Structure formats: C-alpha cells, structure tokens
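Shown next, in structure tokens, is the structure this report addresses.
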Amino acid sequence: MEDVNQSVVSEFIFVGLCDSWDLQAFLLVVFSSLYLITISGNVFIVLLVIADLHLHSPMYFLLANLSFSDLGFSSVTTPKLITDFLKENKTISFRGCMCQMFFGHFFGGGEMVLLVMMAYDRYVAICKPLHYSSIMNTKMCIRLVMTSWIIGFVHSISQLAIITQLPFCGPRKLDSFFCDIPLVIKLVCMDTYILEVLTNANSGVLATICFILLLISYSYILLTVYHQSKSGVSKALSTCTAHITVVMLFFGPCIFVYICPLSITWVDKFLAVFYAIITPLLNPVIYTLRNKEIRNAIKRL
C-alpha cells in the first residue's frame, strides 16, 4: 500500500489533444517545430542581451529574464506533449505530475510579476526620465527580478503543499495533455469544492492583481504623456505596444482558465495550448520585430 497522499494512484493518464493517429502525427511535427523555434528564439534573446553592450540596460535585463522564464515555462509541458504523440498510453508518474504543476505555476506566477516589473520600468523611463538612471540602477533591477521569482515560488509551493497531502484513491484520467491544479483536484477522493475555490482564488488573485497593476501603469503612462505633449502619445504607444501585446496574450487565457472557467473541454485545451506553447513563442517574435534596438543589435552581429 502506498502513502496516504498517493493512496492507490501512482500515475495519471492523459487523454491528450485528440484520438486520431494521423492528426497526432501532424501535431507532432507542428509542436516540435514550434518548440524548437521557441527555445532558439528565447535563447537568442538572452545571449544577445548578454553579448551586446548597447543592450546592457534595465529594460533589456528584464526582457532577458522574461525570455528565460519563457524557456522554463514552455519546457514544463511541451517536451512531454511531443513524446506522448508517439505513445498509445500517455501516462505520467505521481511525482512527475506534481513537478509539472510546481514548475508550471512557478514560471507562470513569476512571469506575471515580471511583466509588472517591466511596466514599472517603462513608467519610470517615460514619466520620470530625469530620475531613471538613479531609480532603475543595478541593485533595483536585481531586486525586481528576485521579487518576481520569490513570488512565483511562494505562489507555487503554497498550492503544491496542499495537493500532495490529498487522497488519490481511484480516478486517474486527466482530460488534458499536462497536469494542472484544477484538473488534478477533480481526481481527489473527497469533496473538493472548497479546495477548487481556494486554489483558483490563489491563481486568480495573483493574476488579477498583476493585471490591474499593469492596466494602471500603462494607463498612467499614456495619460501623463498626453497631458505633457500630445505629439508624444504615438512615441509612448510605440514603446509600450510590445509590452501591452504580451500582457494581453499571457493574461487572456489565464483569466478564462482560473478566474472565469468555461468548463468546455475543447476550449480549455485550446487555451492551454495557447498559453503553454504559443505565448512563449510569440514573446521573442513580438519583441524582436517591434523593437528597433533589438533589430539594430542583430545587424551588428
């Protein structure tokens, strides 16, 4: 007999994205290509920021950390998804499932906070340009990044500490391609209503607070520039558009998954694919194509 927290269940079974072997073969090629591009793009941004002296500034230090976070976030689920396309029985061990949930929420929670830090950097740069170098110094940048990782860790470990103590004694089929807390809780052998509310509230509160702070930050930036110089609005929009685009792409699916769950299987799977696979791919593309200094740094290579 296994421990109480695992009870009879030692592994979970993924239903996956589809049943058709032909479609799975097609998705294997597609997601393998997307994952390779994601890893290459984000590693390229990190190395570019490190190597190019012109990019040694707070904005690009935070951008490099965002790319590092995307590397981790995409690697939590995508490699397992790709290898499962080759298997008839898509299983994951109990510990492997717990690890997926921990690192998924660690990188995801940390990235939410990091996006807020990036918005703060833009606020200081646009609204307080004369004090930018004194406020956004090296120590402040390190503190901001460390804060994002610490909050991500606390957010993740607080949920996992509860999940690992729950009794799993029978059902073990997950109608998804990876382990996520709302899905795993449904397999617990007890009334999970309160637990579902608490865990969703944990993720929902973090996402809501970060999203509200981001809305306030970018709204204040645009209002400040508008009142100072109407001609500066377009410049501010150009500077912040990439950040705002990433924010909407990242927080949009999270809102529907954790704050306003739709309970429609195919929609949930689509949103999961979007924020776990597509978003980490779009971040380097958006910042590369819309950022003039990044493009110039590439030309200097």
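The values are calculated or read from the model by the stated rules, or taken from the named source; none is laboratory data. The structure displayed is predicted, hence computed values, not measured ones. FYI the Cβ positions are ideal-geometry reconstructions off the backbone, even for glycines, and counts take in every protein chain you see. Heavy atoms of the whole protein, side chains included, go into the accessibility calculation; ligands, DNA and RNA do not. Shrake-Rupley method; radii C 1.70, N 1.55, O 1.52, S 1.80 Å.
A dipole drawn for region 28-100 from +1 and -1 charges on Cβ atoms has a positive end, and of Val43, Cys99, Met59 the residue lying farthest that way is Cys99.
Mind putting a number on the dipole of region 63-213 about its Cα centre? Charges go on the C-beta only, +1 for Lys and Arg and -1 for Asp and Glu, and I need it in Debye to the nearest 20. Spell out each step's value before the answer.
Values: 11 positive and 9 negative charges, 55 e Å.
The calculated dipole for region 63-213 is roughly 260 debye.
Its residue count N fixes a reference of 2.2 N^0.38 Å for region 106-158, and the Cα radius of gyration divided by that reference is 1.25.
Mind checking the alpha-carbon convex hull of region 56-113 and giving the volume per residue in Å³? Display every interim value, and only then the final one.
Working: hull volume 4.3 nm³, N = 58.
Hull volume normalised by residue count: 74 Å³.
Our summary of shape: the Cα atoms of region 89-133 have principal axis extents of 59, 16, 11 Å, ordered from largest down, in whole angstrom.
Per residue, the convex hull spanned by the Cα atoms of region 9-128 amounts to 117 cubic angstrom. Which FRET efficiency, nearest 0.05, do Thr164 and Leu289 yield, Cβ-Cβ r, R0 41 Å? Working from the Cβ atoms, E equals 0.45. Computed extension length for Leu223-Ser93: 41.7 nm, one decimal, from 0.36 nm per residue of separation with the Cα-Cα distance subtracted. Over the residues of the chain, the helix contribution to mean residue ellipticity at 222 nm works out to -24500 deg cm²/dmol, using -39500 (n - 2.57) for each DSSP H run of at least 4. When the chain is described by a simple charge dipole with +1 on each Lys and Arg Cβ and -1 on each Asp and Glu Cβ, the residue from Leu114, Leu249, Met136 located farthest towards its positive end is Met136.
For a distance above 20 Å, tell me the whole-number percent of Cα pairs in region 134-223 that qualify. Present the calculation step by step, with values, prior to reporting the outcome.
On the way: 2162 of 4005 pairs.
In whole percent, the long-distance tail amounts to 54.
Taking a straight Cα-Cα cut-off under 27 Å and skipping sequence neighbours fewer than 8 places away in the same chain, the lysines within cross-link reach of Lys128 are Lys139, Lys230, Lys235, Lys292.
A simple rule links phi to the HN-Hα coupling: the Karplus curve 6.51 cos²θ - 1.76 cosθ + 1.60 with θ = phi - 60°, which for region 97-111 gives 5, 4, 5, 4, 5, 4, 6, x, 7, 5, 6, x, x, x, 5 Hz, with x for Gly and Pro. Across region 71-183 the C-alpha pair distances fall into 10 Å bins from zero in the proportions 12, 33, 25, 16, 10, 3, 0 percent. Give the separation of the Cα centroids, region 63-100 to region 101-167, in Å. Going from one Cα centre to the other spans 22 Å. On the protein heavy atoms, probe 1.4 angstrom, tell me the percent of accessible surface of the chain carried by carbon and sulfur. Percent of accessible area from carbon and sulfur atoms in the chain: 69. For the chain, a Gaussian network of Cα nodes joined below 10 Å ranks Ile82, Ile162, Ile45 by mean-square fluctuation, and the top entry is Ile162.
Per residue, how much accessible area does region 1-138 have with a 1.4 Å probe, in Å²?
Numbers: 6360 Å² over 138 residues.
It amounts to 46 Å² per residue over region 1-138.
Each pair of Cα atoms in the chain enters the Kirkwood radius, and Stokes-Einstein at 37 °C and 0.692 mPa s then converts it into a translational diffusion coefficient of 159 µm²/s.
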